[in-house]
Structures are given as C-alpha cells and as structure tokens.
Amino acid sequence: MNVITNHPIPEKFRVLAETVMKGQTPLFALVGDLDLSGRYNDSVMFFTRDTIFAFDEKHREKYIAVKIEALREVHVKRMYGNALFKAVTVDNKRLNLLRFTYSAADIGDAAALYVNGVIEHGFNDDLVEMVHATYNKQRSFCPRCGRKLPNPEAECINCASKKNLFSKFTRYIVPQKWKLLLCVILSIITTIMSLVPPYITRIMVDDVIPSASQGVEIAMQRLISVLVTLICVYIVQYTVSALRGYILRYTGDQIVINLKKDIYAKAQYLPLSFYDKTSTGSVINRVNSDTGTIQNFVLRISQEAVVKFFLLIGLAVIMFSMDWKLTLFSFVPIPLVILTGKFFGTRIAPKYRRLWRKSSAISTLLADTIPGVRVVKAFTNEKETTDKFSRYCDDWMKEDRKAAVTANIFPNIMTFLVTCGSVIIYAVGGSQIITGSGDLTLGMLVSFVSYASMFYDPVNFFANLSDSYQNTLASAEKILDILDAEPEHDFGKGKVPERLQGRIEFRNVNFSFDRSKKVLSNINLVIEPGDIVGIVGTTGSGKSTLINLIMRYYDNYEGDILIDGINIKDIDMSYYRSQIGFVQQDPQMFRDTVFNNIAYGTPNAHVEQVMYAAEVANAHPFITKLPDAYDTMLGERGVGLSGGERQRVSIARAVMKNPNILIFDEATAAVDSETEHLIQAAIERLIRGRTTLMIAHRLSTLRKANKIIVVDKGEIIEFGPPEELLAKKGKYYKLVQIQSMSDKLISQKQAENFE
Amino acid sequence: MPRYLDGPEVRFTINDGIFLDTEFFNGESYEALEPHRMFPVSGKDRYIALLDAEGKDVAIIRNMATLPEKERATVQSALDEYYMMPKIKRFIKMSDKFGIWMWTAETDRGIFTFEIRNHLTAVKPLYDGRVLIKDADDNRYEIPDVNKLDKKSKKMIMPSL
C-alpha cells in the first residue's frame, strides 16, 4: 500500500486495512503513536474521498469506518501532551477516532481541515493538495540523518557540523596559520635546547669531573667551557620561549576575539523564538567563558601537541641510542598511564557538563536580578534573591567539589606511575653500575633519568588530552548551538520594492508558539494603505502576536501575510523592517546619549534631522531643558528619563526612519493623562498618510482610527469602521460601553468632589 | 473571587471522556465543563478549575481530597484522560546520532522513543529529585525521582542534569 503518510503504516494493521478497504487506495494516512486509552501503541487512520477508516486496538473489531457524509464536523482536541481526533455525527454522537502525541498534531489538523472541507463543500482536489502540502512540509527531513528541518530547502546543520565538530573552528585558525607555524618552529628550538642540559650533565659527570686526575687546571678549563655552553643554551632557550609566549598569546587573543565577535553577531540575528527558549544569561556565558575554553584547546592542539610529539620522538631516539634495554624498562608504566588517562576522561566529562549547567544557572540569575534590582527592592525581596543566589552557588560548589576530586586524584595517580618509571631505571641502571655488568656509566645513568622523566611529560600530555578535549567539547557544543542555530532568513536577499504602499493582508494565518496552544487561528483581513487601524481585545487575546507576525519576529506561521501583494517572506528582511516604525509599550533605551538613542537605526543622521524628529515626537521640549540636552547620557535601560519621556524618544526614533507603516503597541499605556495628550498629539502628527496599526486598551486613543479589529482568543471577531461596529452592537460596542461608563463614573466622582 | 469547591457540593458525570457535567446541590447545573489543573507541575491534586466552553472558570476545586470518593474518582478519570505526562521508569537507550538525541524510555504508558533537540533547555531538574523533560514536539515527560532510577538509567541522564 503506497500512500502519503507521516510515518510508516504499522505492520499490525496493514493486512486488516487492506481487507477492510477492499482495494480502495486512501488519499492519505495519519499514523498515531498512542492508542485510545493513552498508552504508547500503534494506530492509524486512512482517509478516502468519502470515508475515514480508523484502526486502533481499542476500537471494537480493531477498527471503525465512518462515512464523511454521516459527520457534522471533526476536530483535533489538543489536551496536555496528547491530542484526540474527534468526530461528531449528524445525529450528535461523539466519536474518538484516533489518539496521538503532539508529534502528529499538526498533521492531524490538516486531516481535520480536509474532512471538514469535504463536509462543507464536497470533495475537491484542492483539499487533497492542501493536505499533501502539509505532509510535505512535515516531511522536510534531512535525507542523511532524518532530522526535521526548519524548511524544505534548509541545509541540515547537524550533518554539516557533526562531520567534524572542530572543522567549524578552523576558519578562526587558518588566518593565523603563519604565526602559529612560527610558534611551532620556535617551540622546536626550545625543545631541542631543553634536550642539551642532560647531555652536558653526562659530560660533567663522566668526563670533566674525573679529569681532575689529569690536573686541576685542565679540569677547571673544561668545566668553564662546559658551563659557558650551558649558559648559552639556557639564554637561547629562554629568549626564544619568551618570544614564542608573546606571539602565541597575541595569536590566541585574535582567534578568541574573532570567535566572540561572530557569536555576538550571530546572536543579534537569531530569531526571537531562540530567545524564548534560551536564557540570555547562558548566551552571555557562551560569549564570555566558552570561547576561552576553545582558545585554550586550539592552542593546545596546534602548539603543544605538535611540539610534544616531536619531543616524544626525539627522546625515544636519544634514549634508545644510549641504552635500549634501559629504555624498554622505562616504558613499563606507559600502558598504565594511558589506561588511567582514558578512564579519567570518561569520569570527568559528565562532571564538566553538569558544572557548566550550574555556572550557567548562576549567570542567568545574575542577568535576571541585577537589571531587575528595582523590582527586587520594591518587593523587599533582597533576602530571597540572596538566598537563591547562594543556593545556586552552593550547588555549583558541590558539583565543582565532585569534579575536583576526580580532577585531582587521577593526575596524581599518573604522576606516581611516572615516578615508578624512574625508580625502575635507578634499580636496573644502578645495579648494572654497581656490579659493573654492561657499559653504563654514572653520567649516562644520571642523564638517562633526566631524559626519561622528560619522556613521561609528553606521554602524560597525550593521556590528559582527553580531559581538555571533553571540556572543550562541552563548550564547543554550546557555541555551535548559537553559531549553527538557524538565523532569521532573508537578510540581504529577497525583493526590495521601490516603495511600500502599506497594504497589509493576512490570508488564513494560524500560529502557535509551541504546539500546545494555538495563539492565532484563521486570521483573514485586509488593511488598505493609509488606514489607521485600532486593534482591541482583552489581554492575551493575541493582539501583540498579530504585530509580532507583521514584524516577522516569528516566521513559522501557517498561511500568508502579504504587503502590497508580496509575501513578506519574499521581501528582504532588513529593507522590510526599515519600512516599519515600531513603538513599543516599554521602549528600550541603550546606554548612550539621547541623540544616539534617537538616531539609533539611522546611521549618519543629521543633527537637524534628529531635532526635527524629536520635535515631531514632542520630545524636543523636555530634551532642551536637560542640562546636557541632546548629549545627556542615559543609564542602562534609559535611567534618567521618565516613562513618558522614554516613550517620546522612542517615537522620535520611529520618525527618524520615515516609515510607511507604523505600529504602536500600547504606546500610552503607562503614562499620566497629560503626557498621554502630548504623546497622542505626537502620534497624530506622525501617522498622517501612513498605514498605522495601534494596539490600545484605552479606546479614547483610537479616535482617529477608521477601522477597528477586535481580537478575541486568537480570532478576529469583528473588523470594520468603528461606526459600523458600534451599530452592530457586538463586542466592540460592549467595550466602548464599559469604558465610557467608567469614564462617566470618574467624571461624576470628580464633579462631586469639586462641589 | 473564584467560587471554590470544598467537600460535597456537586455531582459530576463524565461527558465525552474529558468533560464533566456538573450539578450543584443548590440546583445550578452546567454541561461539559473541562477540568483544568492550575498547577499541573507543582501540585496535581490541588486547585482544579472547571472551565466552560468559553474558557471561563465556573468553579475551582480547592483540593481533590475533600471531594467524596465517587466524585473524586470521576474528576480523576477526566484528568487522567486529558493530561498526559508519562512517568519515566528507566532509560533504555540514548543515542547521539548526528547531533540529535534520541531517547528511548520505559514509561508508565509503555516504551517510547522521542527526540531531544537541546538537552540544556529540554531537561529541567527540580529540587525534590523530580525531573521534567520536554521533547522536540513539546510532549512532556516526568522522572518522579531521579535518585530512584536504576544505575544504568541514572548514568545516562546524569550528564544532562
């Protein structure tokens, strides 16, 4: 049975389905993952032109067939963590047809739309096409890994990144390759230099000191020449080492700064849905500390690993040429060292990951409460906040303590094993010298022990590499989470229309933040250029979400939003947003001058342009009164200005853009009535000839509006000119009544008081 | 001020699995109210609102324990039907293939495999040892007490806590 489906058809219903449907080919199938009692199980529903076949072990006879003409309607009832496909028959019987988790809920919606379409208008091919389109959208999987993609053409970020996690970071390293290479060469020089002193020790012990028998003067002369050589070697070694340290640090800084810049830039372009799920504190943590971990690792790999590798080879050659038997003895502890290192790696990795989570929790709390210190104080919540912080710190400490145990026991075990190696050499070599067997001299033994102890260092390094690798992996994962996250699309690509007239059209728009609750459903409306549209509705009805969709803060809605007949997803994002002036309820100010705050988003703004904007926004009068006027430095989030003043600065900001579409989200909600008049006047001056959308609680602010949208529970229940809506005596009429009543009450009370 | 229900004041009848037909002893009656937990995470048996078709609460059950046995069972069955947050008994497999975490777990509702997109935000440990998990499709799962998991499961989940 070849049929469009969201999952493979469950084997256990295949045969039954074929007999029941008697060779009919269904149009599509909906595979559920729960049975009707809510346990994980297979279930499936087939849709044909006129019938629904639902297969579930809990149905009597394991299936149920329903003629679509016998149905009044069907719907997907979303519950908590699961959903039911329900049908109501013409004679009002309710049927549960299929149950599934949210994984299949979107497909379920499409199927319900199909059935309801058939009930209403009869069967037609458009309905099937619509369902198939939804299925195709759902089935935009990566062909390699099966991961769901944000859109059908998107590149699978997982396959790209997992090919080699660190290949992602090579582009930060490549520009520094010459400096890094120079560092490697310098390191090799210092390494060679470090191999010389043990050799000189051997000469001292074996040749120079015994030569006293040939005369003190000759011996002294030899001693001095050997010592001078030694000093020269040291001078070269440490000079080169200092130079290398400088270049290395500088190069490392460049790598990490470039990485930081990129993460920050990427963070700016990430869609709001990313920030809904990720705390800003953890993003800050990634920019600040995780980049450092990466830097360390890059340097370890590109520098130390190379150098230690050469050192290892060099030492092995020297040691073997001195005494191969002794060398083999000194290798005895190596397997143990490596095994311990491996074991250590598996033990420490999860601990580091937990540690990261805890420290990220601390930064999140900081980012939350320090900027919110006013609220903390207002509710005398200092103690609770402090307690919470210390609890988080204690948590971190507990974790760190656990990690510290592991991180300290294992390296010391390894060092101990290494020391055992030296003991073995002394035992074997010492007994050889004492008994006089073999041709080992005292000087050779001393220098051999020096070389051997140097030999364990790179071994130790490579064994320990897994530790820092794990630590880095955790950080790299975090960083790639940002670097690889899907950014907002269409910056610098897409259409750039000459000028936006400002005709806004919503076609069958549905939207939900996550799958659990629909925020907007079935939005259809047309706003003509120059319209001034008031959006009213209770809190949480979806007014702001409507605006968020127009702003393209969220892109994953169903249906289309068009501006001047062009789908907004096809318009270049930066051009598009530059055409919209958005004044928010709580305008965000930056730590900068008033001038720069107004000119924000308009680089190279002329002074007079800014002052004009301030004038239009009624901000100029209060700014001129400030001692530093336009040069007044604002604190974080605009400390130093009142709410109304900040609002007017943000209106001035919108004026600067000279937008064709204006959006006000409760611009006067938080100010006194006198300021409201000032802002209102500014707004009225600004909106002339521009398509304007205004969300307002106070209906009095909408007196200029020529159209009103009433939003309720995510649906548009009324839309039209205010007079018409008033005449209709619907929800808008009721809202006006309520408000004018309370206004009347207020004026009555005032009148009473004045009497 | 919401209308609180304490003790025997109403009679419930199940309607279509998740709804409750509600008759108050004073004669008021409502059809098909939807019981909704006000604290589905932190307190499952307290403050259960009964919503009408408009989503307005007609009454709030303050504490399930105060209801008579029969009514409590009725409300419970409606809630059980509506809320699905499987309790994870043990983890069978966690694979990290191509950067997607697929977790297979045995729950009180059977064995299921789900996708975790970002285990930093998907897993939320609470202070009492409970762990809440949200998968890539926004389905929810719960580990009642992470300390009581078997050793193998614990080892698998620990790094994500």
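Read the figures in this text as sums done on the coordinates, not as results from a lab. Remember, it's a predicted structure, so these values are computed and weren't measured experimentally. With ideal geometry, Cβ positions are generated from the backbone for all residues, glycine too; neighbour counts draw on all protein chains shown.
The figures follow:
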| quantity | calculated |
| --- | --- |
| Using distinct alpha-carbon pairs, which all enter the 1/r mean, Kirkwood radius of the protein assembly as shown in Å | 34.0 |
| For the range A:165-483, the spread of Cα positions along each principal axis, largest first, Å | 91, 38, 35 |
| Qualifying lysines (Cα of each under 16 Å from Cα of A:K495; at least 8 residues distant if same chain) | A:K569 |
| Relative contact order, percent, the range B:4-82 [alpha-carbon distance under 8 Å, six or more residues apart] | 32 |
| Spatial separation of Cα centroids for the range A:301-335 and the range A:623-662, in angstrom | 68 |
| Value of [θ]222 nm, deg cm²/dmol, for the protein assembly as shown, DSSP H segments ≥ 4, -39500 (n - 2.57) each, nearest 500 | -15500 deg cm²/dmol |
| Percent breakdown of C-alpha pair distances by 10 Å bin, ordered from the shortest bin, for the range A:538-670 | 12, 40, 30, 15, 3, 0 |
| Computed over the range A:174-237: relative contact order in percent, which uses C-alpha pairs under 8 Å that are six or more apart | 42 |
| Against the rule of thumb 2.2 N^0.38 Å, how large the Cα Rg of the range A:586-658 comes out | 0.94 |
| HN-Hα J in Hz across the range A:612-629 - Karplus 6.51, -1.76, 1.60, θ = phi - 60°, x for Gly and Pro | 5, 4, 5, 5, 4, 7, 6, 9, 3, x, 6, 5, 4, 6, 5, x, 9, 6 |
| Check: the protein assembly as shown dipole with +1 on Lys, Arg Cβ and -1 on Asp, Glu Cβ, in debye | 2000 |
| Cut-off 10 Å between beta-carbons: net charge of the residues surrounding A:G601, Lys and Arg +1, Asp and Glu -1 | +3 |
| Cα centroid of the range A:8-46 to Cα centroid of the range A:530-604, whole Å | 45 |
| The range A:585-741: Lys pairs at Cα distance under 29 angstrom, eight or more positions apart or on different chains | 16 |
| FRET efficiency for A:M741 and A:F379, using Cβ-Cβ distance with R0 set to 22 Å, rounded to 0.05 | 0.05 |
| Percent RCO, i.e. relative contact order, over chain A, from Cα pairs under 8 Å lying at least 6 residues apart | 9 |
| Table column - 3J(HN,Hα) (Hz), the range A:313-324, Karplus curve with 6.51, -1.76, 1.60, x for Gly and Pro | 4, x, 5, 4, 4, 4, 5, 4, 5, 7, 6, 6 |
| Modelled FRET efficiency - R0 51 Å, A:T25 with A:N658, Cβ distances, 0.05 increments | 0.30 |
| Cα-based helix-to-principal-axis angle, B:69-82 vs chain B, degrees rounded to 10 | 50 |
| 5 Å binning of all Cα-Cα separations within the range B:4-82, expressed as whole percents from 0 upward | 3, 17, 30, 32, 14, 3, 0 |
| Test item: B:132-144 mean partner chain Cβ contacts at 10 Å | 4 |
| B:D52-A:Q588 FRET efficiency (beta carbon distance; Förster radius 25 Å; 0.05 resolution) | 0.05 |
